[in-house]
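**Q** One structure, as structure tokens, below. Some questions next.
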Amino acid sequence: MNLIIKYFFVGILPLLLLSCYKDNTSIGNNQITELDISFPNITGAEINMEKNEPLTIDPVITQDGADKAMTYEWQVNYEVFSTDKKLVFPCSKLGKYFIRLKVSNEDGSAFKNFTLNVNSPYEEGLMVLGQNEQGDGSLAFMRKYSPAEIAAGKVESFVNNVFTLNNPGNKIGKNPTDIAKRLNQVFISSSGEGKIYYLNAKTFELEATISAADYPDFKPVAMNVPDAGFRTAVILCEGGKIYNLALLENLILSNAKYSQTVMMKTGFGYNLNDCFNYYWNPATSQMLQYSSYYTTNSLQAFQNQDLVDFFYDASAIYVITKSRTTPAVYTKTVFSQYIQNNSTKLLDIKEQAVLNVIGGDPDLNPSSPIVVNAAFKN
């Protein structure tokens with residue numbers, strides 16, 4: 001009996017000890033402050049901006065509860081870009097960007113993200129190459145907007161100095177002379193610098209600078225650069241010297257086919273197979289044609305005549321001349337692209353006629369501006 005009582009007391013002792021523990025804990029009553037993020041100027045999951053158009057976002061942050069200190073972290077493509085509350089993103093490079101804002105307080109964090117597309121503002125529009133009174137070159141661009149964009153309030157206007165804007169620290173240099181587009185590039189020549197600049201057509205960022213230290217007289221004035229995949233272009237320089245530009249190798253080469261000096265005027269045209277370059281040799285009164293396959297000229301077609309002007313249009317080269325003995329007599333001669341027949345070497349004249357001059361002798365010369373209009377071409 002005593003043994004039973006002893007075990008009974010031993011068994012009940014843990015219960016007595018447990019009942020003596022006092023629980024002083026209580027359920028937490030501190031309120032957690034939740035965060036909410038909104039971007040007032042962004043309504044969708046994806047937005048579009050133009051290159052060099054800064055994106056500014058001043059987020060609205062609300063705390064559901066007591067105001068607590070907050071920290072901010074803007075991520076661009078999963079890398080920390082800024083720890084300021086306001087985002088100012090320069091949009092200096094084309095591309096697609098994942099942008100996320102992380103806002104934190106002592107209770108936790110909230111996130112909000114969107115996708116940014118930085119697009120080219122130079123897809124379609126008008127380029128103007130110019131220079132100031134000191135001869136320093138500049139490039140301006142006016143973007144063409146769609147009717148819907150204009151109705152929405154967009155205004156077509158020039159943005160000046162886009163070369164320097166997209167190439168900080170670089171300048172076109174003295175005496176810019178010509179501008180041309182080839183596929184995905186824009187070419188700018190400078191006679192003062194003796195250089196040709198290659199720009200990316202969508203960004204206007206400088207991709208290459210071409211010069212010719214071996215040719216001191218390489219002072220480019222006009223570039224016959226076709227908007228096609230040809231490997232070579234012909235460059236007319238000061239003094240009437242002609243050089244070749246190897247478009248893929250970025251090299252200036254001497255032109256062995258045309259070593260003579262030509263008039264400071266040129267024109268060109270091209271088709272799927274060839275590019276045709278035209279010049280006037282004042283010493284021989286000849287039209288010269290230089291292409292990838294043939295070097296031709298007008299032979300004696302313009303003997304005792306002076307050039308008024310020439311231009312390429314609709315797969316033909318038009319030449320306007322006037323008689324040296326009777327200056328009031330103007331003649332229009334229309335050649336095929338190669339001027340001569342490739343097989344017979346005879347002149348390939350499509351049309352020739354004396355022009356009727358009304359109202360006296362017009363003061364026309366090779367520097368006169370040309371506007372080609374099909375209605376008046378005849």
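**Q** Restricting to the range 320-361, name every residue that is without any contact (Cβ under 8 Å) to a residue 60 or more places away in the chain, of a type outside the set (S, T, N, Q) and touching an Asp or Glu at 6+ places or on another chain (Cβ under 8 Å). Walk me through it before giving the result.
**A** Taking the range 320-361 first, the residues without any contact (Cβ under 8 Å) to a residue 60 or more places away in the chain are 320-336, 339-361.
Restricting the remaining residues to those that are of a type outside the set (S, T, N, Q) gives 320, 322, 324, 327-330, 332, 334-335, 339, 345-351, 353-355, 357-361.
Within the range 320-361, ILE320, LYS322, ARG324, PRO327, ALA328, LYS332, VAL334, PHE335, ILE339 qualify.
**Q** Output the number of the condition that ILE242 fails; it satisfies all remaining conditions of (1) farther than 21 Å from LEU183 by Cα; (2) outside the structural domain of VAL354 (by TED's automatic domain parsing); (3) surrounded by fewer than 20 Cβ atoms within 10 Å (Cβ to Cβ).
**A** (3)
This table checks each residue for (1) at pLDDT 90 or above; (2) outside any loop (DSSP other than H, G, I, E, B).
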site: GLN260; (1), (2): no, no
site: LEU272; (1), (2): no, no
site: ASN277; (1), (2): yes, yes
site: MET287; (1), (2): yes, yes
site: TYR293; (1), (2): no, no
site: PHE302; (1), (2): yes, no
site: VAL308; (1), (2): yes, yes
site: VAL334; (1), (2): yes, yes
site: ASP348; (1), (2): yes, yes
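**Q** Any residue at all in the range 175-191 that is under 30 Å from THR71 (Cα atoms) and in contact with a Leu (Cβ under 9 Å, 6 or more places away or on another chain)?
**A** The initial filter retains those residues of the range 175-191 that are under 30 Å from THR71 (Cα atoms), namely none.
Within the range 175-191, none of the residues are under 30 Å from THR71 (Cα atoms) and in contact with a Leu (Cβ under 9 Å, 6 or more places away or on another chain).
**Q** Regarding LEU307, is this residue in contact with a Phe, Trp or Tyr (Cβ under 9 Å, 6 or more places away or on another chain) and closer than 21 Å to GLN260 by Cβ? First the steps, then the outcome.
**A** On the way: in contact with a Phe, Trp or Tyr (Cβ under 9 Å, 6 or more places away or on another chain): yes; closer than 21 Å to GLN260 by Cβ: yes.
Yes, satisfied.
**Q** I've got another one for you. Please verify whether VAL159 is more than 16 Å from ALA233 (Cβ to Cβ), of a type in the set (Val, Ile, Thr) and out of contact with any strand residue (DSSP E or B) (no Cβ under 7 Å at 6 or more places or on another chain), treating the condition exactly as stated. So that I can check it myself, show each step before the final result.
**A** Details: more than 16 Å from ALA233 (Cβ to Cβ): yes; of a type in the set (Val, Ile, Thr): yes; out of contact with any strand residue (DSSP E or B) (no Cβ under 7 Å at 6 or more places or on another chain): no.
Taking the combined requirement at face value, the residue does not satisfy it.
**Q** Which count do you get for residues in the range 60-81 that are within 30 Å of ASN119 (Cβ to Cβ), in contact with a Ser or Thr (Cβ under 7 Å, 6 or more places away or on another chain) and crowded, with 16+ Cβ neighbours inside 10 Å? Can you show your working first?
**A** Going through the range 60-81, the residues within 30 Å of ASN119 (Cβ to Cβ) turn out to be 60-61, 72-81.
Applying the additional criterion that residues be in contact with a Ser or Thr (Cβ under 7 Å, 6 or more places away or on another chain) yields 60, 72-74.
Restricting the remaining residues to those that are crowded, with 16+ Cβ neighbours inside 10 Å gives 72-74.
Residues that pass the stated criteria total 3.
**Q** Also: Against the definition (among the hydroxyl-bearing types (Ser, Thr, Tyr) and at pLDDT 95 or above), how does TYR7 come out, yes or no? Quick ask: steps written out before the conclusion?
**A** Details: among the hydroxyl-bearing types (Ser, Thr, Tyr): yes; at pLDDT 95 or above: no.
Considered against the rule, which asks whether it is among the hydroxyl-bearing types (Ser, Thr, Tyr) and at pLDDT 95 or above, TYR7 comes out as no.
**Q** Need the failing condition index for PRO176 against (1) touching a Gly at 6+ places or on another chain (Cβ under 9 Å); (2) surrounded by fewer than 21 Cβ atoms within 10 Å (Cβ to Cβ); (3) not charged (D, E, K, R), just the number.
**A** That leaves (2) as the condition not met.
**Q** May I pose another question? For a quick check of your reading of the model, give me the residue pairs whose first member lies in the range 36-52 and is assigned by TED's automatic domain parsing to the domain that holds LYS112, whose second is modelled with pLDDT under 90 and not in a strand (DSSP E or B), with beta-carbon atoms closer than 9 Å and at least 6 apart or on different chains.
**A** Every condition considered, the pairs that remain are ILE47/ASN41.
**Q** (1) crowded, with 20+ Cβ neighbours inside 10 Å; (2) more than 23 Å from LYS181 (Cβ to Cβ); (3) touching a Pro at 6+ places or on another chain (Cβ under 8 Å): which one isn't true of THR321, the others all being true?
**A** Condition not satisfied by THR321: (3).
**Q** Could you please find all residues in the range 100-158 being charged (D, E, K, R), surrounded by 12 or more Cβ atoms within 10 Å (Cβ to Cβ) and in the same structural domain as GLN185 (by TED's automatic domain parsing)?
**A** Keep residues of the range 100-158 that are charged (D, E, K, R), which gives 100, 102, 106-107, 112, 123-124, 133, 136, 143-144, 149, 154, 156.
Restricting the remaining residues to those that are surrounded by 12 or more Cβ atoms within 10 Å (Cβ to Cβ) gives 100, 102, 107, 112, 136, 143, 149, 154, 156.
Answer for the range 100-158, where residues must be charged (D, E, K, R), surrounded by 12 or more Cβ atoms within 10 Å (Cβ to Cβ) and in the same structural domain as GLN185 (by TED's automatic domain parsing): ASP136, ARG143, GLU149, LYS154, GLU156.
**Q** Right, something else. Return the residues of the range 212-227 that are more than 21 Å from the chain's Cα centre (by Cα) and surrounded by fewer than 21 Cβ atoms within 10 Å (Cβ to Cβ); say none if nothing qualifies.
**A** Correct list: ALA213, ASP214, TYR215, PRO216, ASP217, VAL221.
**Q** Within the range 42-66, which residues are assigned to a loop (DSSP other than H, G, I, E, B), under 29 Å from GLU106 (Cα atoms) and touching a strand residue (DSSP E or B) at 6+ places or on another chain (Cβ under 9 Å)?
**A** ILE42, ALA45, ASP58, PRO59, GLY65, listed by residue number.
The values are calculated or read from the model by the stated rules, or taken from the named source; none is laboratory data. Everything quoted here is computed from the prediction, not taken from an experiment. Glycine also receives a Cβ, built like all others from the backbone with ideal geometry; neighbour counts cover every protein chain displayed.
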